[in-house]
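The structure appears right after this line, and notes come after that.
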Amino acid sequence: MTASPIFDPAAWRLTPFEAGLVQRAQEFSARVLAPRAARWDRDAAFPAENYADMHREGWLGICVPQAEGGMGAGFRAYCLAAAEFGRHCGATALTWNMHVCSTLWTGMLTDDLDMEPATRATHLARRQKHYAGILNDGLIYSQPFSEGGAAAAGGVAFGTTARRVDGGFVVNGKKIFASLSGHAHRYGILATEDHGERLSRRDTLYLAVPADAPGVSVTGDWDPLGMRGTVSRTLLFKDVFVAGDAALMPDGLYFQAASRWPHMFLTLSPTYMGLAQAAYDFCVRYLRGEIPGTPPVKRRMYPTKQIAVAQMNIMLEQTKALWFQSITEAGPDPTKEQVLRAYAAQHSVMENANAIATLAIRTCGGQAMLKSLPLERIYRDSRCGGLMLPWTAELCVDRLGREALYERGETDA
């Protein structure tokens, strides 16, 4: 059975481009991603076959501008398509997001930022080189953030450093929970330029480190609760030389982006929006006796089941409405209200996805916990959402409360 898109194009007033993209994403993910999802989860294996098919059908270049050979999706269009991917395979959608951000951040996002003409010309030439590798050769990019401290949350400078040398940089440091480790061709790392003085967030560089560069290594095991196909092991960088044209953003631009384009950190949420929809869909079909491989027994006539589905529906619709509004508002220099709404949307998606999956399991009963059915995997995958940096559920609550009560620069001193 082919499901309708999560966001109906007419009801949500999608553009013709968005409607077509969402339909393609729904068809592709149902045909390619869903049949393989259990295997990546069972084996904690990276979905390499999915990426080969994504390259073949153009999905690696979804946010590459059309003038440079890609699909040309904007922020909202990408998020809507990514939610369809997440609905069918959470691990593929989550790793795909980390690849796509290397093009979204270097493409439409940087187009909105301030640069001198010469700097912009250099950036355009460099990104065309990166885009060509993605589109022509199927290069996969990752985006490792975490280092085990406050850097990924934007509190302090990244401990991974890049020292400027002739022709480029020498990188040293470590990234933990680095999704696609051992499978990406380029590690799009955030590193602080080391001037020999105190490290500053303003000096953050965004560099595409070749996975096969001398001094790059992957370490640690990977056997987590959920999102097992992301293969998020630890990356080590020991005196790694990176050429200057590997810079994905010009000097200082990441700090400007993080300050002026905060919705850039909302791109992990589409995966979990898809998982929320998937949990609800499974529950409804299960109670109607429509899940393949299970007896065609209807359980929909019981008031307790009906009440639970109503609760799930309300939570899902509330989440969809808030999230859609927030991804629609994404852009440079948002208002305070829009930033607060982005935090609320992130928190709602990440927490409600697992709340819906939890209620779905309780409503469907013990059989729904079998690994032969997708709800058990959806539950485990959705449980990881609130932990995802840079906007964890805790950080969203902290920032919402503080920034609602204080204007920029205000203190109680």
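The values are calculated or read from the model by the stated rules, or taken from the named source; none is laboratory data. As the structure is a computational prediction, the values presented were derived from the model and not from experiment. When we count neighbours, we look across all protein chains shown, and the Cβ atoms used for this are built from the backbone with ideal geometry, even at glycine. The accessibility values were calculated without ligands, DNA or RNA, using every heavy atom of the protein model including side chains. Shrake-Rupley method; radii C 1.70, N 1.55, O 1.52, S 1.80 Å.
Observations on the structure shown:
- In straight-distance terms, cross-link reach from residue 129 covers every one of the lysines whose alpha-carbon lies under 21 Å from its own, apart from those fewer than eight places away in the same chain; here that gives an empty set.
- Additional length obtainable on full extension of the chain from residue 413 to residue 314, 0.36 nm per residue less Cα span: 31.3 nm
- Sum of -39500 (n - 2.57) over DSSP H runs of 4+, divided by residues of the chain (222 nm, nearest 500): -14500 deg cm²/dmol
- Positive-end residue of 393, 20, 315, charge dipole of the chain with Cβ unit charges: 315
- If you take all other residues with their beta carbon under 15 Å from the beta carbon of residue 114, and give Lys and Arg +1 and Asp and Glu -1, the sum is -2.
- Label assignment, semi-axes √(5λ) of the Cα gyration tensor in Å derived from the structure, set (i) 36, 23, 21; (ii) 34, 28, 23; (iii) 39, 30, 18: (i)
- Under the convention that each Lys and Arg Cβ holds +1 and each Asp and Glu Cβ holds -1, the size of the dipole of the chain around its Cα centre is about 1400 debye.
- Net +/- balance of residues flanking residue 23 in space, Cβ distance below 12 Å, scoring K and R +1, D and E -1: -3
- Cα long-axis angle, helix 117-137 against the chain (0 to 90 degrees, to the nearest 10): 50 degrees
- Rounded to the nearest 20, the Cβ-based charge dipole of region 285-413 about its Cα centre (Lys and Arg +1, Asp and Glu -1) stands at 1120 debye.
- Net charge over other residues, Cβ less than 14 angstrom from the Cβ of residue 395 (K, R count +1; D, E count -1): -2
- Lysines with Cα under 24 Å of residue 298, excluding same-chain neighbours fewer than 8 positions away: 371
- Overall form of region 148-280 per C-alpha gyration tensor (a/c, 1.5; a/b vs b/c): oblate
- Selection among 275, 256, 244 by position relative to the dipole of region 197-308 gives 275 as farthest towards the positive end (Cβ unit charges, Cα centre).
- Atom-type composition of the exposed protein surface of the chain places 53 percent of the accessible area on carbon and sulfur (1.4 angstrom probe).
- For region 297-363, the relative contact order comes to 44 percent (Cα pairs under 8 Å, sequence separation of at least 6).
- Measuring nothing but how far apart in sequence close Cα pairs (under 8 Å, 6+ apart) lie, relative to its length, region 117-242 scores a relative contact order of 27 percent.
- Anisotropy class of region 231-368 from Cα gyration tensor, a/c 1.5 cut: oblate
- Heavy-atom surface of the chain, accessible at 1.4 Å and reported per residue (Å²): 42 Å²
- C-alpha long axis of helix 269-287 to longest principal axis of the chain, angle in °: 10 degrees
- Over the chain, Cα pairs under 8 Å with separation of 6+ residues give a relative contact order of 16 percent.
- Region 87-217: C-alpha gyration tensor shape, a/c 1.5 cut-off, then a/b vs b/c: rounded
- The angle separating the long axis of helix 393-405 from the principal Cα axis of greatest extent in the chain is about 70 degrees.
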